[in-house]
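Peer 1: Pasting a structure here, questions to come.
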2 protein chains.
Amino acid sequence: MNSPAIILVRPQMGENIGAAARAMLNFGLDHMRIVDPRDGWPNERAVALASGAGRVLDTAMVRDTLGEVCADLNYVFATTARSRDLTKPVMTPERAMQHARALSAQGLKVGVMFGPERAGLENEDVIRADALITVPVNPDFASLNLAQCVLLTAYEWRRQDADIPPEVLELAGARLAEGGEVEHLLDRLVKALDARRFFWPEHKAASMQASLRNMFHRLPLTETDTRTLHGVVRHLAERTPKD
Amino acid sequence: MNSPAIILVRPQMGENIGAAARAMLNFGLDHMRIVDPRDGWPNERAVALASGAGRVLDTAMVRDTLGEVCADLNYVFATTARSRDLTKPVMTPERAMQHARALSAQGLKVGVMFGPERAGLENEDVIRADALITVPVNPDFASLNLAQCVLLTAYEWRRQDADIPPEVLELAGARLAEGGEVEHLLDRLVKALDARRFFWPEHKAASMQASLRNMFHRLPLTETDTRTLHGVVRHLAERTPKD
């Protein structure tokens, strides 16, 4: 699947081009296009800031006009911070990257334009876009810079990768306890507590045991944990503190 | 609803504390906690970098130990770049902020810890967490800095706000055309084309018209667009170029 091209339109600071390259590669995007960079090309400051992501700069397409970098793209998004006096669909980064994935899955080529640091895209640039992306920032404080906008777009592209599990239990070599292992631990614990008259008064004993059993079955204990707790119970029950 | 506390554990550079404050406020988080900042507190560099987000620093809780800042929190996440030798649930930022929203909706207090810039959280810190957050970066290039990690977490918190529509059509004062307005335009267009024998050969005329009609109904035309196109058709059909 083609990943989207990240199009920097008239970027000013080489540092920001380098930071954008890093942000892209962090989330697996490596296809950069640059329109009319202020300080020419190649740019030493960009290379210095990109460090490990230098290959994104090495393979970037650099052209004088937006028309040239968009010529082979089937669908182009423009990122804008403010509303424009233009009729266009406006999408969140989430919806935009959903759409980009759907188009890419059909073999189509997608691009996302980002404007110059100070003023953003001109309306003339935005007119070329099929749709706009606006990041849902706090309306009372919106200060995203160029590399941060690229980062959030690239993050959204990767976030929607179905192969990334939303949650796993990291077991560090252990395995989750089996029901029988938890029951075995509970039997020891209940027996030790019962011998010390923990389940009292009598008429509450059954519900107290049920709560205790429920708690231990609810906790995500590993087999190692149950063995540790066997030792804890045995020591508490059998040994008397020395002091 | 309480928003999560962002906990910076032993942060080193004031600049990064300031940048983290900005990243938080961009997505509406304003509850920062700081454990044992390397350069003391308050920190001039942090204030300088935070600029408009200075109030996040002004109201930050600053303490010597992680225990103190976590004492009133019901659920704490630890962000880690690498796998730890500890049994813990590991979540994507997306799943973690879903969980944080569910807990906050019950009135519970949630925190997210971020480690020092160079080495990240110590295992001793991580042990205090209920779950880990790992950003799904490109395994071949993972270079997120502290403020970027905070930015992505804050973005996820806000992204899941149900009040943010994923897509709108920005109409710039116009309104979408009614079906009748599109039909009226099509009638004029078809009549003008028919007079110039566009629909030819005869046996294809019906399907050519159907395609044309389908195209215009598929386009998201505004009422203003239909009036513009009426003028375009009329001029093309009635005027002869002068040159």
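The values are calculated or read from the model by the stated rules, or taken from the named source; none is laboratory data. Everything quoted here is computed from the prediction, not taken from an experiment. FYI the Cβ positions are ideal-geometry reconstructions off the backbone, even for glycines, and counts take in every protein chain you see. We work out accessible area using only protein heavy atoms, side chains counted, and drop any ligands, DNA or RNA first. Shrake-Rupley method; radii C 1.70, N 1.55, O 1.52, S 1.80 Å.
Peer 1: Given springs between every Cα pair under 10 Å in a Gaussian network model of chain A, which of A:V110, A:V168, A:V76 has the largest fluctuation?
Peer 2: In the Gaussian network model the winner is A:V168.
Peer 1: Here's something else I'd like to know. So how many Å³ per residue does the convex hull of the Cα atoms of chain A work out to?
Peer 2: 255 Å³
Peer 1: Output the 0 to 90 degree angle, nearest 10, between the alpha-carbon long axis of helix B:146-159 and the longest principal axis computed from the alpha carbons of chain B.
Peer 2: 50 degrees
Peer 1: Could you work out the mean count of beta carbons from other protein chains within 10 Å of each residue's beta carbon in A:201-207?
Peer 2: Other-chain Cβ atoms within 10 Å of each residue's Cβ, averaged: 0.
Peer 1: Here's a follow-up. Go ahead and estimate [θ] at 222 nm for the protein assembly as shown from helices alone: -39,500 (n - 2.57) per DSSP H run with n ≥ 4, summed, over the residue count, rounded to 500.
Peer 2: Computed mean residue ellipticity for the protein assembly as shown: -13500 deg cm²/dmol.
Peer 1: Determine ³J(HN,Hα), in whole Hz, for all residues of region B:120-126 in sequence, where each value follows from phi through the Karplus function 6.51 cos²θ - 1.76 cosθ + 1.60 and θ = phi - 60°; x replaces Gly and Pro.
Peer 2: Result, ordered by residue: x, 5, 6, 4, 4, 6, 4 Hz.
Peer 1: So, one more: Residue by residue through A:148-156, how many Cβ atoms from other chains fall within 10 Å of the Cβ on average?
Peer 2: The per-residue average across the peptide is 4.
Peer 1: At a 10 angstrom cut-off on C-beta neighbours, averaged per residue, how do the peptides B:17-28, B:119-130, B:173-184 rank from highest to lowest?
Peer 2: B:17-28, B:119-130, B:173-184
Peer 1: Calculate, for A:T59 and A:K191, the FRET efficiency according to 1/(1 + (r/R0)^6) with r their C-beta to C-beta distance and R0 56 Å; round to the nearest 0.05.
Peer 2: 0.25
Peer 1: Can I ask one more? Using a 7 Å offset from Cα along the direction of the beta-carbon, what are the separations from B:E68 to the same position in each other copy, nm, ascending?
Peer 2: Result, one decimal in nm: 6.0.
Peer 1: Where q = 0.10, 0.11 Å⁻¹, what log10 of I(q)/I(0) comes from the Debye formula for the protein assembly as shown, counting one point per Cα?
Peer 2: -0.88, -1.00
Peer 1: Continuing with this model, one more query. Residue by residue through A:86-93, how many Cβ atoms from other chains fall within 10 Å of the Cβ on average?
Peer 2: Counting Cβ atoms of other protein chains within 10 Å of each residue's Cβ and averaging gives 6.
Peer 1: Moving on. Please work out the C-alpha center-to-center distance from region A:188-243 to region A:23-45 and express it in whole Å.
Peer 2: A separation of 61 Å, based on Cα centres.
Peer 1: Among B:V69, B:V137, B:V90, which one shows the biggest mean-square fluctuation in a GNM of chain B, springs joining Cα atoms closer than 10 Å?
Peer 2: Residue with maximal mean-square fluctuation among B:V69, B:V137, B:V90: B:V137.
Peer 1: Determine one quarter of the surface area of the Cα convex hull of region A:162-241, which equals its mean projected area, and express it in nm² to one decimal.
Peer 2: Its Cα hull, projected and averaged over all orientations, spans 7.5 nm².
Peer 1: Relative to the longest principal Cα axis of chain B, at what angle does helix B:205-218 sit, 0 to 90 degrees, rounded to 10?
Peer 2: Taking the Cα atoms of chain B, the angle to B:205-218 is about 30 degrees.
Peer 1: At A:A205, with labels set 7 Å past Cα in the Cβ direction, how many nm apart are the copies from this one, shortest first?
Peer 2: Sorted ascending, the copy-to-copy spacings read 9.8 nm.
Peer 1: Run the simple label-point estimate for A:S143 and A:R234 please: 7 Å along Cα→C-beta, distance reported in nm.
Peer 2: It is 6.0 nm.
Peer 1: A further question on this structure: With the other protein chains left in place, how much accessible area per residue, in square angstrom, belongs to the protein assembly as shown at a 1.4 angstrom probe?
Peer 2: Computed with neighbouring chains in place, this is 52 Å² per residue.
Peer 1: Label position 7 Å from Cα toward Cβ: report the copy-to-copy distances for A:R38 in nm, one decimal, ordered from shortest.
Peer 2: Reported distances to equivalent positions: 3.1 nm.
Peer 1: Report, in degrees rounded to the nearest 10, the 0 to 90 angle that the Cα long axis of helix A:93-105 makes with the longest principal axis of chain A.
Peer 2: Once rounded, the angle reads 80 degrees.
Peer 1: Given R₀ = 41 Å, what would the calculated FRET efficiency be for A:A71 paired with A:E167, taking r from the Cβ atoms and rounding to 0.05?
Peer 2: Efficiency, rounded to the nearest 0.05: 0.45.
Peer 1: Still on this structure, please answer the following. By a straight-distance test (C-alpha under 15 Å), which aspartates and glutamates pair with B:K88 as possible cross-link partners, with residues fewer than eight away in the same chain excluded?
Peer 2: A:E167, A:E170, A:E223, A:D225, B:E122, B:E124, B:D125, B:D130
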